[in-house]
Amino acid sequence: MPKPENRNYAFTDAFVDELARAGLRHVCICPGSRSTPLTIAFARNPRLKAWLHFDERSASFFALGMARAHCEPVAVVCTSGTAAANFYPAVIEARYAGVPLIVLTADRPPELWEWGAAQTIDQVKMYGAHVKWSATMAVPEASADLLRYVRATAARVVATALESPAGPVHVDFPFREPLEPVTVDADLNGQDMAAAPDAWRGRDADAPYQRVHTARRACDPAQVGQIADVLGNVERGVIVCGPQDDATLPEAVAALAAKLAWPVLADPLSQARCGAHGRRLVIDSYDAFLRDSALAKALAPDAVLRFGPIPTSKPVLTWMQAFREKARHVLVQDGSWQDPAFLATDIVRADAATFARDLTAALPQASSDVWARRWTDIAATARRVVRQQATSGDELFEGRVFAELASLLPERAVLFAGNSMPVRDMDTFYPSTAQRVRFMANRGVNGIDGVVSTALGAAAALPDDPLTLVIGDLSFYHDMNGLLAARQHKLNATIIVVNNDGGGIFSFLPQSAYPDHFETFFGTLHGMTFESAAAQYGLRYARADSWAAFRDAVSRGIKSKGTAIIEVPGDRAKNVALHRRVWPAVTEALKPMVVDRP
Ligand SMILES: Cc1ncc(C[n+]2csc(CCOP(=O)(O)OP(=O)(O)O)c2C)c(N)n1
Ligand SMILES: [Mg+2]
């Protein structure tokens, strides 16, 4: 490391050096003056890639998308004032989705707080309970002791962000002037750098200042044995997998399901629905068939083993609630608590994949698979009917987007679903396939904000895996600023905007029965189309007026370099009717399969 020019750079060079030693590879930087010591320290560190963004809200969601795609920390830097407040929505999503985001805000020094200094707000613990740790740094001094504190803080920031449950960490940096890298001899006078090389240059051989050894939580064998005793005797059990990003979980769950002979209700976002792992017991069409009350009753479980958050599908939750009195409900969750309906009778605080493997080893092989076969037979019929319903005729039915994508996406695709209807339609209409597809969405707090940026961050993180985003028009509009990153960073992505001219989801809700206010405040007709938005950001554009045009545009989008926007015109009222046509067709087809519980 070169000698720092002044006390600010002694701090920031050491901090950034230590973040890199702890494994940080990417930082998103927004322009500003007060943040100059951080910006320049990041820009000149050869081990880090800096991504420039103009808009802090988009920058922080982009960083969130990168962190989520890589399952590793990503940093984001801004100046003081409202710039830092623009990070807030992404910080909240990171907190609830368990994403390791490192938020670095520059600040005025304490003597200027609350004295009318420009661009100065209270940044001490400004993200409240939404970060795992918030540190306000000491004002920089160039001494060995303070640099050891800086290095240890950086190590702690990375470890804290990653420790389960992963999440955001905030560090506020008050800087006095000069902010630029001008040499100030007096700052470094009296310092014998050779006497404290660990502080000034970091530990030898690129070793981190502090290596943090964090264990994955596991249950002890006696606890695993107890749960194996309970579940091993149950025939009518199900495994339910909610949204999660651990790529090793699907295989572990497949082995566990095979041992128990239980079906696996796999949310696409659990990563267990599609892929090369064993999918024999994976149930994909539950959202359609658990709506049928006769069938739901006939399939009442005696035990539920649930991994992670509640799945997207409302019918699954309703079904679990309906039989809560009778079913032992084991919830495996590491870190956060994921039980909004208070269903759990047993809670396992352990890493999910580790526990799944330990439990598999402790269980005897189930003797019968009659129960599991019932589920897989029902699912196969339901899947066929759902597909038939979605793809018959040539209306531009929103759910069909996902049925079509299942045949269009290549191996190693990334499919990002916007909140509102896209994430729900993905659950209902994307079948289980052998293709490895990484499913993503911002399901921490289900915001329709920042979705374009999060998806583009994931595209930046995974440049070899073609990314497709399906997003509603309001959500797309909300983060059009985020499109700049696609051009600026030459990202490859296919963005499918389902433009039903407003909030389509509200037509499914009871508010739709109040016509005096519905269209104005919930339907929110806006009349926009997005060809000119694509032009503004220099992106390719296609309007899909037919399914043939859709397939053609998506295939071209996936194969071509750059980012394409494909607009699919929707009709909110028709969309509700088409969705509501699917469920009775499924019920009708499954009637012969309803066998009452003996
Ligand atoms: C930041 C934020 N604001 C408001 C909401 C409430 N909300 C949920 S869905 C929705 C409508 C979304 O419309 P669109 O993106 O077009 O999707 P569609 O419902 O048409 O599928 C709104 C406003 C939210 N989830 N997040
Ligand atoms: Mg819409």
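A compact table of results
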| item | result |
| --- | --- |
| For the range 74-198: rounded, prolate or oblate by the Cα gyration tensor [a/c cutoff 1.5] | oblate |
| Rel. contact order, % - alpha carbon contacts under 8 angstrom, at least six apart, the range 4-49 | 49 |
| 222 nm mean residue ellipticity, helices alone, for the chain (DSSP H n ≥ 4; -39,500 (n - 2.57); rounded to 500) | -11500 deg cm²/dmol |
| Separation of alpha-carbon centers, the range 473-502 and the range 159-214, rounded to whole Å | 37 |
| Linear extension gain, Q536 paired with K559, 0.36 nm per residue minus alpha-carbon span | 6.0 nm |
| Simple label model, 7 Å out from Cα along Cβ direction - V212 to T82, nm | 3.4 |
| Cβ-placed point charges (K, R +1; D, E -1), dipole of the range 423-491 about Cα centre in debye, nearest 20 | 160 |
| Size of charge dipole - the range 283-378 - debye, nearest 20, with Cβ of Lys, Arg +1 and Asp, Glu -1, no other charges | 220 |
| Principal axes of the chain: Cα extent on each, largest first, Å | 87, 62, 44 |
| Contour excess over end-to-end distance, with Cα ends at H526 and K490 and 0.36 nm allotted per residue | 9.9 nm |
| Spacing of the two label points (7 Å from each Cα toward its C-beta) at Q321 and Q365, in nm | 4.1 |
| Overall dimensions of the range 187-280 as given by Cα atoms, namely Rg and Dmax in Å | 24.0, 75 |
| Relative contact order (%) - the chain, alpha-carbon pairs under 8 angstrom, separation at least six | 13 |
| The range 465-598 - Rg (one decimal) and Dmax (whole number), Cα, Å | 18.7, 64 |
| Exceeding the 21 Å Cα-Cα cut-off - candidates K297/K591; K297/K574; K326/K591 | K297/K574; K326/K591 |
| Column: log10 I(q)/I(0), Debye, Cα scatterers of the range 27-118, q = 0.12, 0.16, 0.23 Å⁻¹ | -0.36, -0.62, -1.11 |
| Rounded FRET efficiency, nearest 0.05, which uses the C-beta distance separating A43 from Q226 and R0 of 56 Å | 0.55 |
| R0 of 41 Å, Cβ-Cβ distance I347-A549: FRET efficiency to nearest 0.05 | 0.25 |
| Extension reserve of the A194-Q119 stretch, reckoned as 0.36 nm per residue once the Cα distance is removed | 23.1 nm |
| Inter-probe distance in nm under a simple model that places probes 7 Å from Cα toward Cβ, at R374 and E411 | 3.8 |
| Two-site FRET efficiency, N233 against V594, from Cβ-Cβ distance with R₀ of 22 Å, rounded to 0.05 | 0.25 |
| Prolate/oblate/rounded call for the range 391-499, Cα gyration tensor, a/c under 1.5 rounded | oblate |
| Relative contact order [Cα under 8 Å, 6+ residues apart], the range 472-576, whole percent | 39 |
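Readers should treat all values here as calculations from the given coordinates under stated rules, not as data from a laboratory. Bear in mind that the values here come from a model prediction, so they are computed numbers and not experimental data. Every residue, glycine among them, receives a Cβ derived from its backbone with ideal geometry; neighbour counts consider all protein chains shown.
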